[in-house]
Amino acid sequence: MEVHDNDMEQLYAETFRGIEVGMILNGKVVAKKATAVVVDIGYKSEGFIPIEEFTQEELNVLKEGDTIEVLVSDMKDAEGIVNLSKARAKRIITQQKLQKSFDEDEIVEGKIVDKTKGGFFVDINGVKAFLPGSQFDVKPVKFSDDVVGMSCRFKILKLNSKLNNVIVSRRAVIEEEKTKKREETKGRIKEGSIIKGTVKNITDYGVFVDLGEIDGLLHISDISWGRIDHPSDVFSVGQEIEVIVLKYDVQNAKVTLGFKQKKQDPWIDIDTRYADGKKVEGKVVGLTDYGAFVELEEGVEGLVHVSELDWSSKPGHPSKYIEVGDVVHAVVLKVDKGQRRISLGIKQLKPKPWELVAQKYRVGQRVTGKVRTITDFGIFVGMPEGVDALIHISDISWTKHIRHPSEVFKLRQKVEAVILSLEPDKERMLLGIKQLDADPWIEQIPTRFKLGDEVECKVLRVTEHGIFVDIEDSVEGLVYASEVVKREDGEQYKESDMIKARIIKMDFEQKKIGLSMFPASRLEEDSK
């Protein structure tokens, strides 16, 4: 059949009616061929996209019926073939969108795909853009390979028609969002209002809270009605907290925050809740040389002075009785609302020591205790009930002359004694050690030693009154200065020297023995 030129023109017109080169159309995938993807573009003729325009990954997921955007790149009237391009369509559409975003200052999304000198390359729907390092964030950051692969939002700073010089900024997006958020926050901040924020930084003096691109300071004194050693004991960085606005300086953009003010000051009605004499329970939160601080409730602490810890007249350091963390019972002694002070007592819950002593001990009873104090006139012995009893120097030994108690005793030494007198109402107790044994001056010494006896003696000390000696390790005596015989070598007698002497005087009432180193013949002559 012969086809005339007029017929060909009519056929071409019908086949390509409404189609022009450069048009962008929506097509539906009809088939995947070895060299092309066949697309139905809604006209009598189907279009062909070169297979090279697809990646293998795209081909793997592409299926019949999928809709894709294509550009009419060529039309062949002889064969009725329409050549299409997916890549050119995508590029033109992207260019149009980018131009619109640039003109209207809109945000675009992209993915950081590579790192380069001075910044990064960003893929925005197939278009490579450059992100300068200075435009990555509002503050300098140390870049690493971890940035590659991030999907971010950007603003276009520069754009040309060929899309070969596109510069974007992530920083501009962040700044815009911060400004918007800051303005929103300003509208919410009012003195007295309760708002939420995030702990941004913790210092020794307080906490900085991010309220939404506006920072507020929560001073350590406004964190709790009670004591805290450091803000980090209460808060941690990143924690979301609810605070109250105490003061807002709009001009200088300074916000002062409070946390404890969300609750009523516990000291307002303190005197109604803690009356004098009330028994309370609390936790020991601090120890000092002068006492212990006890937390009765949040924001309310009381002081147990060291003198109120124990009935002892000389109480030790508070750590001797309690430790931080202990739960203790006490009595309210005094409340000073104005000074925000509560005085507590612990010893008031215990029986008075002298009351216990009166119930437990009797004169003549044997007791034990430890030496607490050594004085010139005696030693004080600590009793289990917390009282001190006195052992006078004269009640230490029947037969030894003791110049100072430290010659015999050491601090904390355990001793046994007998109660000589007991006066609980006057808080007095006298003890004796020598009374543990019978008085040797009554029977032992009178029967063992007689006037005129010559005895072996050990020198204890030499004085102007004479030489004090230990007579046969039994009793002390004094060789009178007038009765001392000089040594043959002319030297002075010294401690521990052994000498012989004769008893010339025995005073059992005064418990004294006098001696002489002269021979008996001299004594007889003197008596004549």
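The values are calculated or read from the model by the stated rules, or taken from the named source; none is laboratory data. Since the structure is predicted, the reported quantities are computational estimates derived from the model, not experimental observations. Every residue, glycine among them, receives a Cβ derived from its backbone with ideal geometry; neighbour counts consider all protein chains shown.
Table: residues versus (1) more than 30 Å from LEU246 (Cα to Cα); (2) at pLDDT 90 or above; (3) not assigned by TED's automatic domain parsing to the domain that holds GLU242.
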residue: ASP146; (1), (2), (3): yes, no, yes
residue: GLY149; (1), (2), (3): yes, no, yes
residue: ARG153; (1), (2), (3): yes, yes, yes
residue: ASN160; (1), (2), (3): yes, no, yes
residue: ILE167; (1), (2), (3): yes, yes, yes
residue: ARG170; (1), (2), (3): yes, yes, yes
residue: LYS180; (1), (2), (3): no, no, yes
residue: GLU183; (1), (2), (3): no, no, yes
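Of all the criteria given as (1) in contact (Cβ under 8 Å) with a residue 40 or more places away in the chain; (2) surrounded by 12 or more Cβ atoms within 10 Å (Cβ to Cβ); (3) within 30 Å of LYS347 (Cβ to Cβ); (4) not small (Gly, Ala, Ser), the one not satisfied by PRO384 is (1). Among residues that are touching a residue at least 60 places away in the same chain (Cβ under 8 Å) and out of contact with any helix residue (DSSP H, G or I) (no Cβ under 6 Å at 6 or more places or on another chain), ILE81 is not included. Within the option set VAL113, VAL122, being free of Cβ contacts under 8 Å to residues at least 40 places away in the same chain, closer than 30 Å to GLU52 by Cα and not assigned by TED's automatic domain parsing to the domain that holds VAL72 holds for one residue only, VAL113. Scanning segment 329-339 turns up at least one residue that is closer than 16 Å to GLY291 by Cβ, modelled with pLDDT under 95 and not in a strand (DSSP E or B). Is there a residue in segment 497-507 that is farther than 30 Å from VAL371 by Cα, free of Cβ contacts under 8 Å to residues at least 40 places away in the same chain, outside the structural domain of VAL357 (by TED's automatic domain parsing) and not in a strand (DSSP E or B)? So far as segment 497-507 goes, yes, one or more of its residues are farther than 30 Å from VAL371 by Cα, free of Cβ contacts under 8 Å to residues at least 40 places away in the same chain, outside the structural domain of VAL357 (by TED's automatic domain parsing) and not in a strand (DSSP E or B).
Would you confirm, using the coordinates I've provided, whether TRP441 is of a type in the set (A, V, I, L, M, F, W, C), buried (at least 18 other Cβ atoms within 10 Å of the Cβ), in contact (Cβ under 8 Å) with a residue 60 or more places away in the chain and closer than 20 Å to GLY316 by Cβ? Criteria not met by TRP441. Hey, any hits in segment 229-250 for a residue that's part of a strand (DSSP E or B), aromatic (Phe, Trp, Tyr) and assigned by TED's automatic domain parsing to the domain that holds THR198? Taking every residue of segment 229-250 in turn, at least one turns out to be part of a strand (DSSP E or B), aromatic (Phe, Trp, Tyr) and assigned by TED's automatic domain parsing to the domain that holds THR198.
Looking only at segment 393-449, residues that are in contact with a strand residue (DSSP E or B) (Cβ under 7 Å, 6 or more places away or on another chain) and assigned to a helix (DSSP H, G or I) come to 7 in all. Determine if segment 349-361 includes at least one residue that is touching a residue at least 40 places away in the same chain (Cβ under 8 Å), small (Gly, Ala, Ser) and loosely packed, with under 12 Cβ neighbours inside 10 Å. No: zero hits. Any idea which of LYS450, LYS400, LYS434 is loosely packed, with under 13 Cβ neighbours inside 10 Å and not small (Gly, Ala, Ser)? When all the criteria are applied, what remains is LYS450.
Residue-level check: of (1) touching a residue at least 40 places away in the same chain (Cβ under 8 Å); (2) more than 19 Å from GLU298 (Cα to Cα); (3) crowded, with 18+ Cβ neighbours inside 10 Å, ASP215 misses just (3).
Collect the residues in segment 307-326 that are in contact with a Phe, Trp or Tyr (Cβ under 7 Å, 6 or more places away or on another chain) and crowded, with 20+ Cβ neighbours inside 10 Å, keeping them in residue-number order. Once the filter is applied, which keeps residues that are in contact with a Phe, Trp or Tyr (Cβ under 7 Å, 6 or more places away or on another chain) and crowded, with 20+ Cβ neighbours inside 10 Å, segment 307-326 yields only LEU309. Among the residues of segment 364-392, those that are assigned to a loop (DSSP other than H, G, I, E, B) and touching a His at 6+ places or on another chain (Cβ under 8 Å) comprise ASP376, PHE377.
Counting only residues that are in contact (Cβ under 8 Å) with a residue 40 or more places away in the chain and charged (D, E, K, R), which one in segment 253-265 is farthest from LYS347 (Cα to Cα)? Residue satisfying both the conditions and the ranking: LYS262. Would you pick out the residues in segment 155-194 that are in contact with a helix residue (DSSP H, G or I) (Cβ under 6 Å, 6 or more places away or on another chain) and either in a strand (DSSP E or B) or aromatic (Phe, Trp, Tyr) (or both)? LYS155, ILE156, SER169 - these are the residues of segment 155-194 that are in contact with a helix residue (DSSP H, G or I) (Cβ under 6 Å, 6 or more places away or on another chain) and either in a strand (DSSP E or B) or aromatic (Phe, Trp, Tyr) (or both).
Within segment 469-506, the residues that satisfy the criterion of being among the charged types (D, E, K, R) and under 14 Å from LYS458 (Cα atoms) are ASP470, GLU472, ASP473, GLU476, LYS494, GLU495, ASP497, LYS500, ARG502. Determine if segment 266-282 includes at least one residue that is surrounded by 16 or more Cβ atoms within 10 Å (Cβ to Cβ), part of a strand (DSSP E or B) and touching a residue at least 40 places away in the same chain (Cβ under 8 Å). There is at least one residue in segment 266-282 that is surrounded by 16 or more Cβ atoms within 10 Å (Cβ to Cβ), part of a strand (DSSP E or B) and touching a residue at least 40 places away in the same chain (Cβ under 8 Å). Taking segment 465-502, which residues are within 16 Å of ASP453 (Cβ to Cβ) and either modelled with pLDDT under 90 or not charged (D, E, K, R) (or both)? Residues satisfying the conditions are VAL469, ILE471, GLU472, ASP473, SER474, VAL475, GLY477, LEU478, VAL479, ILE499, ALA501.
A residue that is closer than 25 Å to LEU296 by Cβ and among the charged types (D, E, K, R) cannot be found anywhere in segment 238-248. May I ask you to verify whether SER101 is small (Gly, Ala, Ser), surrounded by 11 or more Cβ atoms within 10 Å (Cβ to Cβ), at negative phi and part of a strand (DSSP E or B)? It is false that SER101 is small (Gly, Ala, Ser), surrounded by 11 or more Cβ atoms within 10 Å (Cβ to Cβ), at negative phi and part of a strand (DSSP E or B).
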